[in-house]
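These notes concern the structure reproduced below.
The values are calculated or read from the model by the stated rules, or taken from the named source; none is laboratory data. What you see is a predicted model; the values in this text were computed from it and never measured. For neighbour counting, all protein chains shown are included, and Cβ atoms are generated from backbone atoms with ideal geometry for every residue, glycine included. Only protein heavy atoms, including side chains, enter the accessible area calculation; ligands, DNA and RNA are left aside. Shrake-Rupley method; radii C 1.70, N 1.55, O 1.52, S 1.80 Å.
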Amino acid sequence: MKIDSPEKLAQWQKECQKKQEQYKKKVIICFGPGCLACGCRDVYDRFEKELDELNVRDFSLEAVKKTGCHGLCEKGPLVVIEPEGIFYTKVKPAHVRDIIEKTLQKGELVEKLLYTDPKTEKKIEDYKEIPFYKKQMRLALRNLGHIDPDSIEDYVATGGYSAVAKVLTEMTPQEVIDEVKLSHIRGRGGGGFPAGRKWETCRKVESDTHYVICNGDEGDPGAFMDRSIMEGDPHAVLEGMIVCAYAVGAKDAYIYVREEYPLAVMHLYQAIEDAGKHGLLGDNIMGTDFSLNIHISRGGGAFVCGESSALMKSVAGDVGEPRAKYIHSVVKGLWDEPTVLNNVETFANIPLIINEGGEWFKNIGTEKSTGTKAFSLVGKVENTGLIEVPMGTSLREIIYDIGGGIKDDRAFKAVQTGGPSGGCLPADMLDQPVDFDSLTKAGSMMGSGGMIVMDDRTCMVDVAKYFLKFLVDESCGKDVPCREGLYQLWQLAVKVTEGNASEHDLEMMEHLSEYIITGSLCGLGKSGPNPFLSTVRYFRDEYLAHIKDKECPAGVCRELITYEINDKCTGCLACIKPCPVDAITGEKKKLHVIDQELCTRCGACYAICQFDAIDIK
């Protein structure tokens, strides 16, 4: 069906909704990254096979749906039975027949698959009652876990492309920009620049050509928000980009997505093709004189290409290196033409702002950071996964209420926000509101939305060393302060973890950080010392323990620790096999011994011991 008017879109939306309503029950299977890794494809295949064999009354195979990430990755593979919202966790192919026979045929629950609240030990039937979901507000992630990303009909049934119809037929480009400005939305890619102001500046530049780019190059370790949106709701991204292109006068737009995200690339290609077939992309969109083509540019996975000028170089086919920003990219961006660059999450919010109004969006979050923010919550927390909360939500609410607290009831030590260039915040900052300005003031940053939780067994010097090494490896090497400065900073961090540093070295690290920040060309270099600066700011005692006492309080740094077997050893032999250097000897039911000369402090014995019989000293 070619959509050539808003009326035709409205008619199509009704048809798609009617088609959805014919299914009294639906089986929703999460195909997010976590569930895919845990075998959800096998679960889906088993549903198809069993349903075909059992021929369940009043149930169609078409009612089994693959969706994007449902969020609670820790408990995958996830299966949800709609409309009741029955939430089954850790589903295996062997559970499928039970679900069909009990839940679909008899309306009974499969108790063992229900989510169990770790605090109350109670089973929870409806996922919306699970604290992980109950305290969230999903705007950018609104369709994930609900629609099939391969189906444009699914997206249209949710009211999809209404924002495009509205702006093309009811609003001028300036009115669109005014609505986005009214929302006060700030770019979700990390910089937090007001999106509306960026769009307006770009539009005002006199040029025959303007471009729109969607930054899908999510390079932070542990971050998967943009990936999940591109995989699970690609049409929302396209719709936001179409609105932006209309507002700034662009006829071509690009999605820069890393090659490491093959599912996202596949779904985006499919979405672009489907939108084009229905007259929602290409020439004369929806019967108007506005035309737009969206292209996909696949990146090689270089972290520096998340930086705007390097990304544009890469899209243009050049080496992805940043350039001096004496002129903003909204004035001279891709091929030196005015260009708007926003990230995936920002564009996914735009249709909502157009449909619900900027005033509505502005009332969510805080005064200077409006709306919500998606995070990938990972690390030593009970409920890892994909979350979205209103701006201003505290770290404590995210980690303890939504995340369920620290694994194994250990003590919280720090949370890192903002990716490798972000910072680590300590326990006394757990009530810190999460928004752009508060995090920056605290010495961290919002970044794209990675959030890594650490417990008391984490060495903060080791964390700083790890992220500095990541940045050294990912530096493009164009300028000396970043290339050589970060390398020297990392080398000094290594020296500290090996117990060979002095207090003078620590002072040198602080001075060196200032030079790197001042002299680096791009944001990667300027924020590069953050892992060190935030950890030394909040965990200076830990640095001094390595330097003065030659101790690693967390028991992580190999050169400063030894493993010793204590009297709790039962002689079970379990620690002998995993030792890679045969440093452990012993007989069954007799105390084992570690040869300190051979031991490499890899920790394999500590990890496998079930009797707390290995001490770290």
statement: Under 5 Å from the placed amide H of LEU341, counting only residues 5+ away or on other chains, we find ILE213
task: Give me the number: length gained by fully extending GLN270 to GLN610, i.e. 0.36 nm times residue separation minus the C-alpha to C-alpha distance, one decimal in nm.
output: 117.5 nm
- prompt: What is the Cα centroid distance between region 73-97 and region 344-390, reported in whole angstrom?
  reply: 26
query: Can you give the convex hull volume of the alpha carbon atoms of region 12-71 per residue, in Å³?
result: 89
- line: Here, LYS2 and LYS325, labelled 7 Å along Cα→Cβ, have an inter-label distance in nm of 4.4
- line: Taking 0.36 nm per residue of separation between LYS19 and LYS590 and subtracting their Cα-Cα distance, the length gained on full extension comes to 198.7 nm
- request: Calculate, axis by axis, the spread of Cα positions in region 131-267 along the three principal axes, and write the results as whole Å, longest axis first.
  value: 45, 33, 31
message: Could you tell me how many cubic angstrom of Cα convex hull volume region 566-617 has per residue?
response: 70
field: Sites LYS368 and LEU36, calculated FRET efficiency, Cβ-Cβ separation with R0 35 Å, nearest 0.05
entry: 0.40
message: What is the sum of charges, Lys and Arg at +1 and Asp and Glu at -1, for the other residues whose Cβ falls under 15 Å from the Cβ of GLN11?
response: +1
statement: Percent of all alpha-carbon pairs of the chain at distances over 41 Å, whole number, is 32
statement: To the nearest Å², the heavy-atom accessible area per residue of the chain with 1.4 Å probe amounts to 42
message: I want to check the label-to-label distance for LYS134 and ASP549. Put each point 7 Å from Cα in the C-beta direction and report it in nm to one decimal.
response: 4.1
message: Taking all protein chains in place and a 1.4 Å probe, what share, in percent, of the accessible surface of region 20-160 do carbon and sulfur account for?
response: 44
Debye equation applied to the C-alpha atoms of region 220-304, log10 I(q)/I(0) at 0.10, 0.12, 0.16, 0.25 Å⁻¹: -0.26, -0.37, -0.62, -1.25
field: Taking N as its residue count, the alpha carbon Rg of region 526-615 over 2.2 N^0.38 Å
entry: 1.38
field: Over region 39-172: Kirkwood hydrodynamic radius from C-alpha pairwise inverse distances, Å
entry: 16.6
- request: On the protein heavy atoms, probe 1.4 angstrom, tell me the percent of accessible surface of region 271-329 carried by carbon and sulfur.
  value: 44
query: Could you sort THR103, THR169, THR288 by accessible area so the largest value comes first, with the probe set to 1.4 Å?
result: THR169, THR288, THR103
- prompt: Label LYS568 and ASP289 with points 7 Å out from Cα along Cα→Cβ: what is the distance between them in nm?
  reply: 7.8
Potential lengthening between ASP150 and LYS112 on full extension [0.36 nm per residue; Cα-Cα distance subtracted]: 10.5 nm
- prompt: Hey, which lysines would be in cross-link range of LYS589, C-alpha to C-alpha under 21 Å, not counting anything within fewer than 8 residues on its own chain?
  reply: LYS568, LYS577
- line: Within the under-9-Å Cβ sphere about VAL64, not counting VAL64, Lys/Arg +1 and Asp/Glu -1 give a net charge of +1
- prompt: How many percent of the accessible area of region 476-544 is carbon or sulfur, using a 1.4 Å probe?
  reply: 54
- request: From zero up to wherever the largest Cα-Cα distance of region 77-137 sits, split into 10 Å bins and tell me the percent of pairs in each.
  value: 22, 56, 21, 2
- prompt: Computed over the Cα atoms, what is the radius of gyration of region 329-432 divided by 2.2 N^0.38 Å, N being its residue count?
  reply: 1.34
- prompt: Ranked highest first by average number of other Cβ atoms within 10 Å, how do 509-515, 184-190, 528-534 line up?
  reply: 528-534, 184-190, 509-515
- prompt: How big, in percent, is the set of alpha carbon pairs in region 482-559 lying more than 15 Å apart?
  reply: 53
query: What are the GluC sites (Glu not before Pro) within region 530-617 that DSSP puts in a loop, where the Cβ has at most 11 other Cβ atoms within 10 Å?
result: GLU587, GLU597
task: Check every DSSP H run in the chain and write down those whose alpha carbon atoms cover 30 angstrom or more along the long axis and whose mean Kyte-Doolittle hydropathy is 0.0 or greater.
output: none
- request: Compute the relative contact order of region 107-254 as a whole-number percentage, counting only Cα pairs closer than 8 Å that sit 6 or more residues apart in sequence.
  value: 26
field: Local electrostatic count at ASP431 - Lys and Arg +1, Asp and Glu -1, tallied over other residues with Cβ under 10 Å
entry: -1
